[in-house]
Every structure is written in C-alpha cells, then in structure tokens.
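This report refers to the structure that appears directly beneath it.
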Amino acid sequence: MIELRNITKIYNPGEITEMTLFHDFSLTVEDGEFLSIVGSNGSGKTSMLNIICGSIPIEKGEIIINGKNIAGTPEFRRYTNIGRVYQNPSMGTCPSLTITENMALADNKGGKFGLSMGVNKKRIAYYREMLSTLGLGLEDKMDIRAGSLSGGQRQAMALLMTTMTPIDFLILDEHTAALDPKTAELIMQLTDKIVREKKITAMMVTHNLRYAVEYGNRVIMMHGGNVVFDRKGTEKAATSVQDLLGLFNEISIECGN
C-alpha cells in the first residue's frame with residue numbers, strides 16, 4: 001500500500017516565483033489497485049509520481065510504502081520495489097547496448113556487478129522467451145542495439161524490463177503519450193496483462209480519458225494539487241469518458257480557460 005500523508009510541496013521557495021503545489025495533500029492507494037490519474041497540466045499528477053519515487057523533495061509529510069516512511073530515502077533505494085516507465089521511450093533502455101545486454105541489466109537489478117561477464121548465457125533463452133510474449137519479433141533481434149528500435153518497441157521492452165525482477169509498485173508516467181495510436185493500444189494491453197498477471201499495484205498518469213476509463217479499477221482527477229474526483233470498483237466501471245470530460249470542461253470554465 002502507498003500512503004501520502006499531509007504532503008506539502010513548494011516550488012522555488014523564497015523566490016518571486018514561489019508556488020505551493022501541494023498543501024497537506026493525502027492519498028492512499030491500496031494493494032492491488034490499478035489507479036488511473038487524469039487532470040490538466042499543472043494539476044500535480046507527475047509531481048505526485050516524482051514525490052513517490054524521490055525525484056523531487058518535499059517540505060513536509062510522509063510517504064508510507066508497506067508501512068514504512070520513505071520520505072528521507074534516496075531515490076535509487078526506492079526502486080528496490082518500485083518500477084517506473086517514462087513518457088520518453090528512450091529513458092527505459094540503454095541505446096548503445098544490445099537487446100540482450102539491456103535485458104541482462106534489468107535481470108540483475110539490485111544485484112552486484114563484479115568482473116564476470118555482463119550477460120549470463122544461460123539466461124539468454126529466458127530473455128528470448130520473454131520477448132516473444134510481446135509479439136514484436138524482438139526475440140529474433142537480440143544482438144541489435146536498442147537505439148535502433150522504434151519508440152513502441154523500446155517502450156514495450158522498457159515495460160518488460162521494469163517488471164522482470166519482483167516489484168510491488170509500477171509507476172507509469174504518460175507511458176503511451178509519445179506513441180502512435182496503434183502502438184499505444186498495444187502498450188496499454190501489455191500493461192494491463194502484466195499488472196493483472198503479476199498482481200502489481202499500479203499508478204498511471206494519462207491524458208487519454210478512454211484509457212483512464214477502460215483500464216484499471218480506480219480513477220481520480222486532480223486539479224490544483226487536490227483530488228477532485230475519485231471512483232473505484234463498480235462506480236469506476238460505470239464511469240464514462242463523458243463523465244470525465246464533463247468535469248474537465250467544468251473546471252476549465254471555472255479557471256477561465
């Protein structure tokens with residue numbers, strides 16, 4: 001379970017551009033939830049993910065993961081049980097390494113790197129088997145550098161690599177936004193499959209209202225650093241794109257947009 005308790009986040013404190021995004025903000029994400037997060041630009045969606053992952057500091061509050069406050073824990077240590085897929089497909093793989101080498105890096109997450117070979121040849125057949133589940137033919141391109149792949153291929157690979165080792169939480173930061181519609185659908189289907197099969201708690205920021213409605217078992221809308229809409233279970237299943245769009249437009253009108 002992830003709990004954000006009384007989070008305060010101030011950008012540029014003490015400067016003329018000082019801006020308080022979160023003030024005593026709290027949110028709980030239960031184990032097994034697949035939470036979709038929507039909202040306008042500047043509403044706090046990605047900042048919330050960055051706070052959980054430790055990419056940005058907070059002024060006050062607690063970040064509770066599995067009962068432990070990790071607010072003071074360095075970012076790299078948080079990734080022991082957190083996986084993250086970014087909007088930019090190039091951020092999830094190393095372009096200069098081959099597909100096999102990328103898979104080997106992910107396979108050894110949290111382990112020690114000595115002077116032995118970087119790729120365990122005994123694991124290559126396993127990597128090939130995993131890649132074949134993507135249906136993209138990557139299992140036949142194991143010696144190709146990741147940088148030569150398409151954005152969709154790299155994002156699918158990043159999603160696979162992120163969940164190779166056991167994790168409790170999957171953070172998805174607009175991970176389909178840079179992809180064409182067909183590839184985005186493939187990535188969403190793959191995401192849903194992985195989350196269900198591995199029983200991972202997932203948080204997905206998306207601007208695609210249809211994805212927010214069709215995938216996951218909870219949806220929230222954020223505005224001005226607050227949650228203004230929250231539905232889960234049967235209520236979430238009954239939520240339509242028009243429900244979200246209507247509230248989004250209402251908020252836009254109130255803000256003069």
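No lab work stands behind these numbers, since they all come straight from the coordinates. A quick note: this is a predicted structure, and the numbers were derived from the prediction, not measured. Glycine also receives a Cβ, built like all others from the backbone with ideal geometry; neighbour counts cover every protein chain displayed.
Of note:
- Estimated 222 nm signal from helices in the chain, with DSSP H stretches of n ≥ 4 weighted -39500 (n - 2.57), rounded to 500: -9500 deg cm²/dmol
- Principal-axis tilt of helix 151-162 within the chain, Cα atoms, nearest 10 degrees: 90 degrees
- Two-site label geometry, residue 11 and residue 80: point separation in nm, points 7 Å out along Cα→Cβ: 3.2 nm
- Computed over segment 20-121, relative contact order equals 14 percent, with contacts defined as Cα pairs under 8 Å that lie 6+ residues apart.
- Subset of 9/232; 199/232; 9/199; 182/236; 45/232 violating a 22 Å alpha-carbon distance limit: 9/232; 9/199; 182/236
- Centre separation in Å (Cα based) which lies between segment 51-100 and segment 227-241: 27 Å
- Relative contact order computed over the chain (Cα-Cα under 8 Å; 6+ residues apart), in percent: 26 percent
- Of [x] 80, 39, 37; [y] 59, 48, 35; [z] 58, 39, 35, the label for Cα extents along the principal axes in Å derived from the coordinates: [z]
- DSSP bridge pairs, the chain: antiparallel proportion in percent, nearest 5: 55 percent
- Added length on full extension, which subtracts the Cα-Cα distance from 0.36 nm per residue, residue 196 to residue 68: 43.6 nm
- Extended-chain gain in nm, criterion 0.36 nm per residue less alpha-carbon gap, residue 18 and residue 145: 41.4 nm
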